[in-house]
1. Got a number for residues in the range 23-34 being surrounded by 15 or more Cβ atoms within 10 Å (Cβ to Cβ), free of Cβ contacts under 8 Å to residues at least 60 places away in the same chain and not β-branched (V, I, T)?
2. Can D48 be described as loosely packed, with under 15 Cβ neighbours inside 10 Å and modelled with pLDDT under 95?
3. Which count do you get for residues in the range 35-89 that are touching a residue at least 60 places away in the same chain (Cβ under 8 Å) and touching an Asp or Glu at 6+ places or on another chain (Cβ under 7 Å)?
Amino acid sequence: MRITASEALEKYKTRPHQIVLLDVRTPGEHRQIRIKGSQNADFYSGFDRYVEGLDKSKTYIVFCASGGRSQAAAGLMRSKGFEAFNAGGIGDLIQAGFEYEKG
C-alpha cells in the first residue's frame, strides 16, 4: 500500500515505538544519506532472509531512492503477513520533515 511521505511522518509521530523505518537501498546509499533511526536492508541482497527475522507486531514504513524497490519490498512483506507501507523515496521523506543524517 502506498502512502505519502506526510502520511508516513504522521504515523511515525503518532506511534514512534511501533513504527520501523526500513530503508531498502544499498548499504552504500544508506551511508551517504539516511533517515535518522532507520534500519537498512538491501532489497537486492538477502531481503527475503532479512524479512524472516522481523517482528510482525510492528508497522513498517518502507522507502528507497525513488519508490520502486520500496513498492516491491512492501508488497513482499505484506504477502508474508506484515503491516508494511511504501512511502516512496528518501527525498520525499526528507521534504516531509523526517530528520536525516549524511555521511
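The values are calculated or read from the model by the stated rules, or taken from the named source; none is laboratory data. Small disclaimer: the values here were computed from a predicted structure and weren't measured. With ideal geometry, Cβ positions are generated from the backbone for all residues, glycine too; neighbour counts draw on all protein chains shown.
1. The qualifying residues number 2.
2. Numbers: loosely packed, with under 15 Cβ neighbours inside 10 Å: yes; modelled with pLDDT under 95: yes.
Yes: the conditions hold for D48.
3. Counting residues in the range 35-89 that are touching a residue at least 60 places away in the same chain (Cβ under 8 Å) and touching an Asp or Glu at 6+ places or on another chain (Cβ under 7 Å) gives 2.
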